[in-house]
Amino acid sequence: MARFSAWALAKNALTGNQHWDSQWRKPEPKPAYDVIIIGGGGHGLATAFYLAKEHGIHNVAVVEKGWIGSGNVGRNTTIVRSNYELRPNALFYEHSMRLWEGLSQVLNYNVMFSQRGVLNLAHSPGELDAFATRGNALRLHGIDAELLDRNEVTRFVPQLDMSAETRFPIVGGLLQPRAGTARHDAIAWGYARAADHLGIDILENCEVTGFLKDGDAVVGVQTTRGDIKSAKIGVAVAGNTSDVMRKAGIENLPIESHVLQAFVSESLKPAVNTVVTGGGGHFYMSQSDKGGLVYGGNIDKYNSYAQRGNLPVIEDVHTLMLALYPQFAKLRMLRHWGGIMDMSLDGSPIITKGPLPGLYLNAGWCYGGFKATPASGWCFAHTIANDAPHALNAAFTLERFNSGYTIDEGGAGPFAKLH
Amino acid sequence: MLIPCPHCGDRDVSEYSYLGDATIKRPNQEKANPHKWETFVYNRQNPRGPHKELWQHNGGCRLIVEITRDTISHEILSMKATGPHKTGLGK
Amino acid sequence: MSGFRLDSGGQIDRNQPRTFTFDGRKVSGFAGDTLASALLANGQTLFGRSFKYHRPRGLMSVGSEEPNALVTLTGPDTHEPNARATMVEVVDGLNASSQNRWPSLSVDLLSANQIGGPMLQAGFYYKTFMGPTRKAWRFYERFIRRAAGLGKAAQKPDPDRYEKINSFADLLVVGGGLAGLTAALKAAEKGARVILIDEHARFGGYHRGDPREQDTINSLLERIQAFDNATILPRTTCFGQYDCSTFGLVERVTAHNPTETEFAPCERLHVLRVRHAILATGAIERPLVFPGNDAPGVMLADAIRAYALRFGVSAGKNIVLFTSHDGAYRQLSALQDLGVPINAIVDTRTTISDIAMAQVAATGMQLITGHAVTRVHGYHGIKRVSVAPFDPYTSKINGKERAIECDCLGMSGGWTPSIHLTSQMGGVPEWDSTLHTVLPGKSNGTWSVCGSVAGYFDRDDTIASAETMVEEVLRKLSLSRARKAVTHPEKQDVLNVGPVWSIKGIGGKAFVDFQHDVTADDITIAHQEGFLSVEHLKRYTTLGMGTDQGKLSNINGLALMAEARGLDIPTVGTTRFRPPYTPVSFGALAADARGGHLQPTRRTAMHYWHLDAGAEMIDAGLWKRPRVYRRGSEDLEQAYIREARMTRQSIGIVDVSTLGKINVQGPDAAQFLDRVYSNGFAKLPVGKARYGLMLREDGIVYDDGTTWRLDDTNFLMTTTTAQAAAVLEHMELYLSVHWPDLKVHLTSVTDQWAGAAVAGPKVREMLQIAIPETDFDNEAFPFMAIRHGKTSQGIPVMMCRLSFSGEMAYEVYTPARFGLALWEELHSAGKEMDLVSYGTEALDTLRIEKGHVVNSELNGRTTAEMVGMGAMASKKTPYIGSAMKDRPAFKDRRRHQLVGLVSKSDECVLIGSHLVRNPALKTPCLSLGHVTSATYSPALEKYVALALLENGQELIGRDLYATFPMKGIHVAVEVVDPCFFDKDGERMRG
């Protein structure tokens, strides 16, 4: 595989761009692999990459029912942050952040990780107090966080409506300067290209239709491209977890699939320089390098696999947008779409061995999965390679729902729609 | 999306609160083992396709309706009222 | 290019001139013009710059599919970027300017990007900008961002209004061409409630402006208008289809009509629910892909026809058409009669139909078959084009080029049905290999199609298809009883498309996506690099991601990928269209929920009294509550200290109307409360209240409050302000689903009662004056007792002697309509005793001094044990949460416990501080807990706080630090019992 660089671009340009390689091969499935990862999304591809890179396991297949990156890595609002309050989350997402910080170089693929800051706005003194608790917890973990008062918010994002006439005036905010955005599709392609380079087979249009079992143990998968055997099978199919696990005989999981809508505006010259969340409801927005405002809000709050949402949430999201930026009323929404979120019942992910012998599960990302991609792959690879979790994902078990060690960042309780 | 209410007719989804899976049954307080409670509180079948679920018309008559809805097409396949007032309502 | 106004023709009113400016230059047009048509009539060639290469671009189309002619409109107070010149109606004073160029449209320095052209191929940015350091991208990004982007966002709030209406109908007809008009009329005749919309100012669709059709169109419109059950909305775009036949429409109301009243909205969002929709959305012409096809002066062939017929404008002085189907020959002679100088037609096919041939013969223009345009000469406008013999089988040039003089080139590769709305609901488009185009495919039952979107490209078939389709729909809606079988017309191949996806063999950029500068070569590169799926192609090259949403580019891109892969188009697949059909303004979607109307505001009965008293209000959910009542130059802290101190010295009064209040009634009410609360209520005597702690099923504290037994089967439950709605919903779920056998009814009465809590050593004295007939003596009105009474002015009150502040205290409720009168009467009764009104800050101070918890402590992860209330739970009766509250995690000794903190210095303890043994420790450093609430305690004359602390009860008496690293503040604290003041409760029990 030729390295990507400005030099390579120039050289290819001079020869009429005739000599680019396929970024990942299109191999035929082998009858067996050391590890099979189900799901060619960001997490699955990252897992495969780290299995090879960190654990020397190269005989790996990633099986994907459609095209790689067709799930949530291909449809999200691209926010990367590690400003979680609870310790297991904070440490895990910070590990992810550190991987993000060198990812373009490690993958030799520009994932355009742009550390432009994520600012969570507080609209009441109580909310600001909660941010203080969170921000100080982060600082004690060694993670960056800054508490901004009203004036500092104004200076940092001068476009915000700071007037007192708004329904929920802004009182301050919590800023994570190292947080930011990344080019979402590039994560999938970058991991795919790098994993492929390390010998991993990426099998597209290869849908898992069932599992090969030996007693309780899972020993392979049946796919639309034939049976493939493996002693270790990792499932990373956000949005479809319940469905795929049902094929392995697991009927119940602490997961509900909900639709989350996201939006992009027409392209504009730079209008907002940072990622802002708030507005007196659930709203977050950044501006992409191409100039589109990329934004979203809450889930539609009903079980759905439809990849499309409904008008009430669309209207709500835009009211919050204009609450923060009333000058944007004449800008236009260009496209909206829906992604399927595996909403876990405590709002935190699952990266675990089991629930069956030979099976490993990576699921329940709610709508925080994009930023987790590197660490999720890294920890999942560790768990698969060592048959035991890394300290960073030791808390992300299925067992926690039984023992009570749930990781409920929002304190919302066992209600999927509230996370 | 329009959700049918046996009292009020078809109403916009924004008038409702979604209360989730209708197939989970609360265990018997005296007898149930911890596993049953875990299943009740946390575990879901989460089907792709017809899903029995509860919606409360809390922007209207506050009735809780049990609906079967296809989670792929969002089509509503059946509807009935729950609770002490269910007699004579719904299909 | 040198467009000009024809002497006649068009739907413009030549007696009504309109003047506007473009890039500061005064331009004139006529009523009925669009910005595009007026500029074209004035000889404007350059309309914009492309996204990546900043190439000069001209007008491409006549409709909402326009990729190039995007402008910024500015008014005295408004600023609207990215408006499509083709959709903007000209009014006097309109001020438009071009975008994405610097310093001017004709001299754009960023067009230097083109020099790097071959390096800037699809996906180039994934391959570079990665060094020299890991931070490099942030450096490059700044320049890339500045170069990218189209228009600029406004700086000032938009003064225009937007509004939303919900509407209902039997049938929505989208598209006011012949098909839509026919369908709408027929449905209206049958009594259906019909809404007919079209995105343009005038109806007629493809045939709009055609003098031969105008009578038909007018007559159809007039006949529809005559029906009360029909609504006609021009300038209205159906942008999306949602579940259950819900459609989103945006109607443009004032932009074209500056004389509208100031109350008229600029745009109106219609959320329309119908029984069925007929989508007569028409088709969009497809460009041809050949080198130089983006030069200003190259446009869609049919746009040339439309500008002449609709606006009386010729797009050029010497026009050549380039096509691969018969459709481009339509009306050639009519155009010639109008004076549109079309001098040659280049066709890639070797044979054309007789009808097309007759058109050519009638006009005497030059016909060059079996040829393709290979180059376009001229940078800011066309000077001439090269043509060469073309082999349609290989898409290659197989002969010598020759030049043809022209200043305008019309291109047409066929027509693509506008299937966006059908595809949004998951309708899978089907490729029709006879018509060489994509058709909507199978309906999910909520919509039907007719006219050209359904593949009927013949005028009469269009009408016939509308008639049969509407008949089918009316039967479905039981509005037609006819029995005769409905037969839809055959789809005739009237265009005879000879599909050509690109002209190969000659160098130069051949554009597929104009706005995003995606070329045929880019698609080849994507293929080479393995981006084979349509979705990968789209994402890697950004094909179809521009503001035109790929209306012109998708099919060509798809076909080129199919060609590269050696597959047929259906195998490669199509992409799913996402809403909206055309971009929708944020303003329309937010409608009137703006500014103070974002959410409703809830005000208590005493709200305006608080304002008059100088209260600073604070949001508590949707409620407004007084935070402090400042006096003179007091700051927040001084004000709340005074309020709290005076309460403990004499009397304080606080508005507690916002607490959630739920009537729990019925024979099983007591049993129900026993199950809902962790502590028992069955034995609570009538006339007494009790504090209750409610858990979630997972054993975590959900809410708390007092519940009053008014009689045997009637309780009044109070909840926290924040959880009122959630608690009601929670309890209703149990009554409806889990315990339907319980005979209990719940009624929210939050808004029906106004309440005041009065507290302090002199409270009895005051109440005795205000409510003289009630005996407030300690025995007569014991702690937690409920009494009914009336004030000296006769206001009915319901009271309970309970205390949040730790003082002798009563909550006094009255029907909300008496709330203000009660409040004033209590004030006048307490005047001599220095009664003070206090707000949420002092409320907090008083309860912190007593160690009472609120939602700062009950954060959704708190158990009853953590806040010292485990012991009050019922041991015998099971309740919600009892089964799961003893799980291992809840017994973990690392679990936090509520403690009090006292500052060891004069410094206040900040909320959000974390507790550590030594603040000098380097990070990462383990937090032992955090400060949940803090205040200055006037009773203790110290700064105190409440905290959740690991193993807290055992640490009482220890010294720790409350550290706030974000501000670098570390306060030494002593861990104490959470109840700071009057632990035995002597003050409140009297």
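I need the strands (runs of 3 or more DSSP E) fully contained in the range C:863-975, keeping only those with at least 2 residues that are more than 30 Å from A:Phe401 (Cβ to Cβ). Break it down stepwise before answering.
Numbers: elements: C:896-903, C:914-916, C:929-937, C:942-950, C:959-964.
Passing ranges, in order: C:896-903, C:929-937, C:942-950, C:959-964.
Give the residue that is most open to solvent (accessible area, probe 1.4 Å), with candidates limited to residues of the range C:658-695 that are under 11 Å from C:Thr713 (Cβ atoms) and aliphatic (A, V, I, L, M).
If we take residues in the range C:658-695 being under 11 Å from C:Thr713 (Cβ atoms) and aliphatic (A, V, I, L, M), then C:Val686 is most open to solvent (accessible area, probe 1.4 Å).
With the condition kept exactly as written, say whether any residue in the range B:66-79 is open to solvent by less than 40 Å² (accessible area, probe 1.4 Å), more than 8 Å from every other protein chain (Cβ to nearest Cβ) and over 27 Å from A:Asp316 (Cα atoms).
Yes - at least one qualifying residue is present in the range B:66-79.
Out of A:Arg81, A:Arg98, I need the residue that is basic (Lys, Arg) and buried (at least 21 other Cβ atoms within 10 Å of the Cβ). Which one?
Details: A:Arg98 fails: buried (at least 21 other Cβ atoms within 10 Å of the Cβ).
Exactly one of A:Arg81, A:Arg98 is basic (Lys, Arg) and buried (at least 21 other Cβ atoms within 10 Å of the Cβ), namely A:Arg81.
Taking B:Pro6 and the conditions (1) open to solvent by less than 70 Å² (accessible area, probe 1.4 Å); (2) at pLDDT below 95; (3) within 12 Å of chain C (Cβ to nearest Cβ), which numbered condition does it fall short on, given that it satisfies the others?
Every listed condition holds for B:Pro6 apart from (3).
Which one of these is free of Cβ contacts under 8 Å to residues at least 24 places away in the same chain, more than 7 Å from every other protein chain (Cβ to nearest Cβ) and either among the aromatic types (Phe, Trp, Tyr) or closer than 15 Å to A:Asn76 by Cα (or both): A:Gln261, A:Gln287? Let's see the steps before the verdict.
Values: A:Gln261 fails: free of Cβ contacts under 8 Å to residues at least 24 places away in the same chain.
The unique qualifying residue is A:Gln287.
Right, A:Gly226: farther than 30 Å from A:Leu91 by Cβ and free of Cβ contacts under 8 Å to residues at least 40 places away in the same chain or not? Steps first, answer last, please.
On the way: farther than 30 Å from A:Leu91 by Cβ: yes; free of Cβ contacts under 8 Å to residues at least 40 places away in the same chain: no.
Judged against the criteria, A:Gly226 is not a match.
Name the single residue that is modelled with the lowest pLDDT among those in the range C:212-226 being more than 34 Å from the chain's Cα centre (by Cα) and open to solvent by 60 Å² or more (accessible area, probe 1.4 Å).
C:Arg212
Across the range C:572-614, which residue is farthest from the other protein chains (Cβ to nearest Cβ) among those that are closer than 30 Å to C:Gly427 by Cα and modelled with pLDDT under 95?
In the first step, residues of the range C:572-614 are kept if they are closer than 30 Å to C:Gly427 by Cα; the result is C:572-591.
Keeping just the survivors that are modelled with pLDDT under 95 gives C:572-579.
Values: C:Val572: 12, C:Gly573: 10, C:Thr574: 14, C:Thr575: 11, C:Arg576: 8, C:Phe577: 9, C:Arg578: 5, C:Pro579: 6 Å.
That would be C:Thr574.
Which condition from (1) closer than 30 Å to C:Gln528 by Cβ; (2) in contact with a helix residue (DSSP H, G or I) (Cβ under 9 Å, 6 or more places away or on another chain); (3) not aliphatic (A, V, I, L, M) is the one that C:Tyr608 breaks?
Unmet condition: (1).
Go through the range C:483-529 and report how many residues are at negative phi and part of a loop (DSSP other than H, G, I, E, B).
Taking the range C:483-529 and keeping what is at negative phi, we get C:483-495, C:497-504, C:506-507, C:509-516, C:518-529.
Add one more test, that the residue is part of a loop (DSSP other than H, G, I, E, B), and what stays is C:483-495, C:497-503, C:506-507, C:509, C:514-516, C:529.
The total comes to 27.
Which residues, taken from the range C:511-539, are open to solvent by 10 Å² or more (accessible area, probe 1.4 Å), among the hydrophobic types (A, V, I, L, M, F, W, C) and touching a Gly at 6+ places or on another chain (Cβ under 6 Å)?
C:Val534
Considering only the range A:66-122, state which residues are over 22 Å from A:Gly40 (Cα atoms), touching a Leu at 6+ places or on another chain (Cβ under 9 Å) and polar (S, T, N, Q).
Residues satisfying the conditions are A:Ser82, A:Asn83, A:Asn120.
Name the one entry in A:Gly210, A:Gly190, A:Gly199 that is within 24 Å of the chain's Cα centre (by Cα) and not assigned by TED's automatic domain parsing to the domain that holds A:Asn136.
So the residue among A:Gly210, A:Gly190, A:Gly199 that is within 24 Å of the chain's Cα centre (by Cα) and not assigned by TED's automatic domain parsing to the domain that holds A:Asn136 is A:Gly190.
Within the range C:425-482, work out how many residues are assigned to a loop (DSSP other than H, G, I, E, B) and of a type outside the set (S, T, N, Q). Spell out the reasoning first.
Step one: list which residues in the range C:425-482 are assigned to a loop (DSSP other than H, G, I, E, B), which gives C:425-429, C:433-436, C:440-446, C:450, C:455-458, C:477-482.
Next cut, of a type outside the set (S, T, N, Q) only: C:425-429, C:435-436, C:440-442, C:445, C:450, C:455-458, C:477, C:479, C:481-482.
Selection size over the range C:425-482: 20.
Would you check which residues across the range A:337-358 are among the aliphatic types (A, V, I, L, M) and crowded, with 22+ Cβ neighbours inside 10 Å and list them? Don't jump to the end; show me each part of the working.
So in the range A:337-358, the residues among the aliphatic types (A, V, I, L, M) come out as A:340-341, A:343, A:345, A:350-351, A:356.
Matches in the range A:337-358: A:Ile340, A:Met341, A:Met343, A:Leu345, A:Ile350, A:Ile351.
If C:Lys442 satisfies all but one of (1) of a type outside the set (Phe, Trp, Tyr); (2) farther than 18 Å from C:Glu285 by Cβ; (3) open to solvent by less than 20 Å² (accessible area, probe 1.4 Å), what's the number of the condition it fails?
Result: C:Lys442 fails condition (3) only.
Test C:Val701 against the stated conditions and say whether it is more than 23 Å from C:Pro796 (Cα to Cα), within 14 Å of chain B (Cβ to nearest Cβ), out of contact with any His (no Cβ under 9 Å at 6 or more places or on another chain) and at pLDDT 95 or above. Break it down stepwise before answering.
On the way: more than 23 Å from C:Pro796 (Cα to Cα): yes; within 14 Å of chain B (Cβ to nearest Cβ): no; out of contact with any His (no Cβ under 9 Å at 6 or more places or on another chain): yes; at pLDDT 95 or above: yes.
The answer is no for C:Val701.
Within the range A:64-99, can you find the residues that are touching a helix residue (DSSP H, G or I) at 6+ places or on another chain (Cβ under 8 Å) and acidic (Asp, Glu)?
A:Glu64, A:Glu85
Hey, could you check the range A:267-280 for residues that are at the interface with chain C (Cβ under 8 Å from one of its Cβ atoms) and surrounded by fewer than 23 Cβ atoms within 10 Å (Cβ to Cβ) and say which is farthest from A:Leu121 (Cα to Cα)?
Selected residue: A:Lys269.
Return the total of residues in the range A:1-40 being facing chain C (nearest Cβ under 7 Å) and outside any loop (DSSP other than H, G, I, E, B).
The number of residues fulfilling the criteria is 5.
Identify the single condition in (1) among the β-branched types (Val, Ile, Thr); (2) touching a Gly at 6+ places or on another chain (Cβ under 7 Å); (3) over 24 Å from A:Ala372 (Cβ atoms) that A:Val259 does not satisfy, given that it satisfies every other one.
(3)
Might you check whether a residue that is touching a residue at least 60 places away in the same chain (Cβ under 8 Å) and buried (at least 24 other Cβ atoms within 10 Å of the Cβ) occurs anywhere in the range C:23-32?
Just the residues of the range C:23-32 that are touching a residue at least 60 places away in the same chain (Cβ under 8 Å), to begin with: C:23-24, C:29-30, C:32.
Subsequent filtering for residues that are buried (at least 24 other Cβ atoms within 10 Å of the Cβ) retains C:29.
Yes, that holds for at least one residue.
How many residues are more than 7 Å from every other protein chain (Cβ to nearest Cβ) and among the hydrophobic types (A, V, I, L, M, F, W, C) if we restrict to the range B:33-65?
5
Hey, C:Met617 hits all of (1) farther than 30 Å from C:Glu941 by Cα; (2) touching a Pro at 6+ places or on another chain (Cβ under 9 Å); (3) within 14 Å of chain A (Cβ to nearest Cβ) but one; which does it fall short on?
(1)
Restricting to the range C:118-147, what's the tally of residues that are closer than 22 Å to C:Ser50 by Cα, within 7 Å of another protein chain (Cβ to nearest Cβ) and surrounded by fewer than 21 Cβ atoms within 10 Å (Cβ to Cβ)? Write out each step before concluding.
Restricting attention to the range C:118-147, the residues satisfying the condition of being closer than 22 Å to C:Ser50 by Cα are C:118-126, C:140-147.
Those still in the list that are within 7 Å of another protein chain (Cβ to nearest Cβ) too: C:118-119, C:121, C:124-126, C:141, C:144-146.
If we keep only those that are surrounded by fewer than 21 Cβ atoms within 10 Å (Cβ to Cβ) too, we end up with C:118-119, C:125, C:141, C:144-146.
Selection size over the range C:118-147: 7.
Suppose the filter is in contact (Cβ under 8 Å) with a residue 60 or more places away in the chain and surrounded by fewer than 22 Cβ atoms within 10 Å (Cβ to Cβ); does C:Leu820 pass it? Don't jump to the end; show me each part of the working.
Working: in contact (Cβ under 8 Å) with a residue 60 or more places away in the chain: yes; surrounded by fewer than 22 Cβ atoms within 10 Å (Cβ to Cβ): yes.
Considered against the rule, which asks whether it is in contact (Cβ under 8 Å) with a residue 60 or more places away in the chain and surrounded by fewer than 22 Cβ atoms within 10 Å (Cβ to Cβ), C:Leu820 comes out as yes.
Anything in the range A:296-325 that is among the aromatic types (Phe, Trp, Tyr) and either in a helix (DSSP H, G or I) or within 10 Å of chain C (Cβ to nearest Cβ) (or both)? List them, or say none.
From the range A:296-325, those among the aromatic types (Phe, Trp, Tyr) are A:302, A:305, A:325; that's our starting set.
Hit for the range A:296-325 is A:Tyr325, nothing else.
Which one is surrounded by the fewest Cβ atoms within 10 Å (Cβ to Cβ) among residues in the range B:18-32 that are facing chain C (nearest Cβ under 9 Å), part of a loop (DSSP other than H, G, I, E, B) and in contact (Cβ under 8 Å) with a residue 12 or more places away in the chain? Don't jump to the end; show me each part of the working.
Our first condition is that a residue be facing chain C (nearest Cβ under 9 Å); within the range B:18-32, this holds for B:19, B:22, B:25-27, B:29-30, B:32.
Those still in the list that are part of a loop (DSSP other than H, G, I, E, B) too: B:22, B:25-27, B:29-30, B:32.
Applying the additional criterion that residues be in contact (Cβ under 8 Å) with a residue 12 or more places away in the chain yields B:22, B:25-27.
Working: B:Ala22: 19, B:Lys25: 11, B:Arg26: 17, B:Pro27: 18.
The residue in question is B:Lys25.
The values are calculated or read from the model by the stated rules, or taken from the named source; none is laboratory data. For clarity, every value in this text was computed on a predicted model and none was experimentally measured. As a convention, Cβ positions derive from the backbone with ideal geometry for all residues, glycine included, and neighbour counts pool all protein chains shown. For the accessible areas, the whole protein counts, side chains as well, though only heavy atoms, and no ligand, DNA or RNA atoms are used. Shrake-Rupley method; radii C 1.70, N 1.55, O 1.52, S 1.80 Å.
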